[in-house]
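Following: one structure in structure tokens, then a few remarks.
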Amino acid sequence: MKSYEFFIQTRKEDIDFINKIMEAYEGIGVVRTNDPKKGLITIITTTDFKDIAKKIILDLGENYVEIEILSEGLWNGNL
């Protein structure tokens, strides 16, 4: 099992909500804020949970917040 990441663009006011949703799915992913003013975050998960994490991210974007996956792939090791 390897770490996997989603690099995401959202609105700064949505970062806390996204973080709380990911926390509610205990163990699926961890949110790291890269640049709060620009709304850039990373969600780090594992290759085993990447499909579930992506479904959560897409559902958030379709129903609750502005969110765009800018890139995804194996975690590059940056926190």
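Where a number appears in this text, it was derived from the coordinates with a stated rule and is not lab data. Every value quoted in this text rests on a predicted model; they were computed, and no experiment measured them. Every residue, glycine among them, receives a Cβ derived from its backbone with ideal geometry; neighbour counts consider all protein chains shown.
Which of the residues belonging to the stretch 45-77 are of a type in the set (A, V, I, L, M), in contact with a helix residue (DSSP H, G or I) (Cβ under 9 Å, 6 or more places away or on another chain) and under 24 Å from Met1 (Cα atoms)? Residues satisfying the conditions are Ala53, Ile56, Ile57, Ile69.
For Ile44, the stated conditions do not hold, so it cannot be described as among the hydrophobic types (A, V, I, L, M, F, W, C) and more than 11 Å from the chain's Cα centre (by Cα). Scanning the stretch 24-41 for residues that are of a type outside the set (S, T, N, Q) and under 11 Å from the mean Cα position of the chain (by Cα), we see that the one that is farthest from Ser3 (Cα to Cα) is Leu40.
Quickly run through the stretch 22-67 and pick out the residues that are β-branched (Val, Ile, Thr) and over 15 Å from Ile8 (Cα atoms). Ile28, Thr46, Thr47, Ile52, listed by residue number. Restricting to the stretch 20-36, name every residue that is part of a strand (DSSP E or B) and surrounded by 12 or more Cβ atoms within 10 Å (Cβ to Cβ). Those that are part of a strand (DSSP E or B) and surrounded by 12 or more Cβ atoms within 10 Å (Cβ to Cβ): Val30, Val31, Arg32, Thr33, Asn34. Of all residues in the stretch 8-20, those that are within 12 Å of Pro36 (Cα to Cα) have Cβ atoms under 9 Å from Cβ atoms of residues that are among the small types (Gly, Ala, Ser) and in a helix (DSSP H, G or I), 6 or more apart or on another chain, in Thr10/Gly61.
In the stretch 1-19, the qualifying residues are those that are of a type in the set (D, E, K, R) and not in a loop (DSSP other than H, G, I, E, B), and the one that is farthest from Val65 (Cα to Cα) is Glu5. Scanning the stretch 37-79 for residues that are free of Cβ contacts under 8 Å to residues at least 40 places away in the same chain, in a strand (DSSP E or B) and over 15 Å from Met22 (Cβ atoms) gives a single hit, Leu40.
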